[in-house]
Amino acid sequence: MRRVECAVLGDGAIDPRCRLLAGLEPRDLEPVPRAAACAQIYGGPGTARVTGRLRGERISAEFDLSDACEIARWRR
């Protein structure tokens, strides 16, 4: 497990991961809609859980690489 804490997001952040988070909005972490048609391409066993606050909003999201939609969401 890795933990990333960012006091500052964007250009002022020391950690490059915190610089990247500046472009995210809480809606970017929403799950893939159930009715979405996703190519069945397996991207590997990787999983991630993201919890905390982003722009003052509480977030909780889980990611995996189980199909093309989830892979695209992971990369975003």
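At a glance:
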quantity	calculated
Failed item, numbered, when Asp11 is tested on (1) out of contact with any Cys (no Cβ under 9 Å at 6 or more places or on another chain); (2) open to solvent by 60 Å² or more (accessible area, probe 1.4 Å); (3) part of a loop (DSSP other than H, G, I, E, B); (4) under 24 Å from Ser66 (Cα atoms)	(4)
Residue selected from segment 14-50 under the condition hydrophobic (A, V, I, L, M, F, W, C) and over 18 Å from Leu65 (Cβ atoms), by the criterion surrounded by the fewest Cβ atoms within 10 Å (Cβ to Cβ)	Ala35
Residue match in segment 46-59 (condition: more than 20 Å from Arg75 (Cβ to Cβ) and touching a helix residue (DSSP H, G or I) at 6+ places or on another chain (Cβ under 7 Å))	yes
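The values are calculated or read from the model by the stated rules, or taken from the named source; none is laboratory data. Note that the structure is a prediction, hence the values are computed from the model and not measured. As a convention, Cβ positions derive from the backbone with ideal geometry for all residues, glycine included, and neighbour counts pool all protein chains shown. Keep in mind that these areas ignore ligands, DNA and RNA; they rest on the heavy atoms of the full protein, side chains included. Shrake-Rupley method; radii C 1.70, N 1.55, O 1.52, S 1.80 Å.
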